[in-house]
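Student: This is the structure, below, for whatever I ask next.
Every number in this text was worked out from the coordinates using simple rules, so none of it is lab data. In this text, all values refer to a predicted model and were calculated from it rather than measured experimentally. Cβ atoms come from the backbone with ideal geometry, glycine included; neighbour counts cover every protein chain shown.
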Amino acid sequence: MSSLSNQGLSWKQYLPFNRSPRPIPDPSKNERRLLERCSNKNLEQVSSGELGAYLLHLRSLTKKLWLGKWDSLIDQEYILHEQPFEKIVQLCYEVADVLREHGAISINKIVQKMQGKKIIRVDTDQSYDSYGLIFSILGWLSLLYIPAIQDQSGEMRIITQSTQLTIKDKIPTELVSRPLDELLRKFGELLPIRDIGRNEPVSQINAQAATPTRLEVSHMNVATLKDMANMQIIWVDSLSEHLEFDPAQPSLSLFKCPSFCRIQKQSDESTLAIMLRDFYEDYEKPSEDFTVAKLLNEVILSYVLLFRSDRRSRKVYERSERARAALYREGSHFYTDPFLDELCGNRSSSWFAFGGPIRESYDSSVDFPVFKARLERIQQHVKDIQPNRFMSLWRDQRDLRLWYTIWAVIILSIIGIVIAAISMFLAAIQVNLAKMAYELQLKGQS
């Protein structure tokens, strides 16, 4: 794997920040083969740095997770790489190939297809281990969940990082015989689901959403969230936890690898699109024309809303959040998703044509039909906060017109008080001088 420096590129030219992370390595031949399979061979619009970002994220998630017992599941005729991460990449490709050919079938059927291709042994009696392997691979391919180390508890378990979630951390193994979309739904809201009666048609749902809610950048930018709500940013590994908000902490979870969205949104036949094809019931769809590509575009646009559209928030990302959002660490060095840098801090970007000119507000129903509820909840929390101290009043820039008006009144009032005090002081001096002159005049007459 070669680095950007081997291509004659300066990382400081590639990114606008002073404190630069280490350059992300280019994908190997085996890794690029997997990425092409996941995106249905539509990678022309994705840079090598963005491809490498997802692979680094995958490497971080799978570190020390390859189980020795999984080696015994592999058919003797199938040549498996020696390195654990290369094994995972190789088997991820095979599972993605099965999904592309047969759709979102059950884990049990995926195992059977892998046995038919002589990848997994047919004579194995370790069926639970094979289910755990496929379950883990599906999580790494989709990033809808992060698989935990699978044991013999009879449950498939995942890792959650957000402090408040409507997601279960385990489901029974019996669900391996159910279609993939049904299994995913058993975890809870891996993706936001519209909370509306089952008998209401999608057209009526859209009519109810006709009343627009404006998401104001002045309320939603990260600088305001930190200054006014003392909010902590939690950089999470899974797509399902993106924009999860816990008002008790308070904390906001953000997905740290938007390059994954770039890879998966290039085709309606991507691995993620196949897995989510039947995820929503008709009455739960955010809109009639819902697609996975539009879902991923919302994720991408959310970084623009939170960081890119506000100067102070770009500085917050550069100074503190960028290092915390690292995909992978080696000692004191870290790797950050270059697409995340572009969305959150890079001021000159050809990509920014996606969002058009910097906007002051967004329509939650039009721009964020999937994540509408999560974003509106955050904005309402910020709106309910009232500054109660002088410094909090100074930091409250949610309404700049009001902020300038208040401080103009305060400054003019202070100036008026100072002028009045000076006038009184000068008047007192004038009276005193007049008194002294009068006394001198009386002495002269006597």
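Student: Can you tell me which of 227-240, 254-267 comes out highest on packing, and rank the rest after it, using the mean Cβ neighbours within 10 Å?
Tutor: The most tightly packed comes first, giving 254-267, 227-240.
Student: Starting from the amide H of Ile24, placed 1.01 Å from N in the peptide plane, find each other amide H under 5 Å away whose residue is 5 or more places distant or on another chain.
Tutor: For Ile24, the qualifying residues are Leu4.
Student: Another question, if that's okay. List the chymotrypsin sites (Phe, Trp or Tyr not before Pro) within the range 282-316 that fall in a DSSP loop (any state other than H, G, I, E or B) and whose Cβ has at most 10 other Cβ atoms within 10 Å.
Tutor: none
Student: Next question, about the same structure. Based on other C-beta atoms within 10 Å, arrange Ile159, Ile74, Ile415 from fewest to most.
Tutor: Placing the least packed residue first, the sequence is Ile415, Ile159, Ile74.
Student: By counting other Cβ atoms within 10 Å of each Cβ, how are His102, His242 ranked from fewest to most? The partial results should precede the final answer.
Tutor: Working: His102 12, His242 24.
Sorted ascending by nearby Cβ count, the order is His102, His242.
Student: Considering only DSSP states other than H, G, I, E and B, which trypsin sites (Lys or Arg not before Pro) in the range 30-92 qualify as loop sites with at most 16 other Cβ atoms within 10 Å?
Tutor: Numbers: sites: Arg32, Arg33, Arg37, Lys41, Arg59, Lys63, Lys64, Lys69, Lys87; in loops: Lys41, Lys63, Lys64.
Those satisfying the criteria are Lys41, Lys63, Lys64.
Student: Another question, if that's okay. Would you please give the residues with an amide H less than 5 Å from that of Ile234, counting only those at least 5 places away or on a separate chain, with H modeled from the backbone geometry?
Tutor: Residues meeting the amide H criterion: Leu252, Ser253, Leu254.
Student: On to the next question. Could you give the length gained on full extension between Lys118 and Ala421, defined as 0.36 nm per residue of separation minus the Cα-Cα distance, in nm?
Tutor: Computed gain between Lys118 and Ala421 is 99.9 nm.
Student: Quote the FRET efficiency, to the nearest 0.05, computed for Gln76 versus Arg312 with a Förster distance R0 of 60 Å and r equal to the Cβ-Cβ distance.
Tutor: FRET efficiency, Gln76 to Arg312: 0.50.
Student: Could you calculate the FRET efficiency of Ala248 with Gln445 from 1/(1 + (r/R0)^6), where r is the beta carbon distance between them and R0 is 60 Å, rounded to 0.05? Let's see the in-between values first.
Tutor: Values: r = 84 Å, r/R0 = 1.39.
That gives a FRET efficiency of 0.10.
Student: In terms of modelled amide H atoms, which long-range or inter-chain residues lie less than 5 Å from the amide H of Ile146?
Tutor: Hits under the 5 Å cutoff: Ile159.
Student: Place a +1 charge on the Cβ of each Lys and Arg in the range 4-185 and a -1 charge on the Cβ of each Asp and Glu, then give the dipole magnitude about the Cα centre in debye, rounded to the nearest 20.
Tutor: So the dipole magnitude of the range 4-185 works out to roughly 560 debye.
Student: Related question: If you take the beta carbon distance between Gln232 and Ser127 as r and set R0 to 56 Å, what does 1/(1 + (r/R0)^6) give as a FRET efficiency, to the nearest 0.05?
Tutor: Values: r = 42 Å, r/R0 = 0.76.
Given R0 = 56 Å and the Cβ-Cβ separation, E is 0.85.
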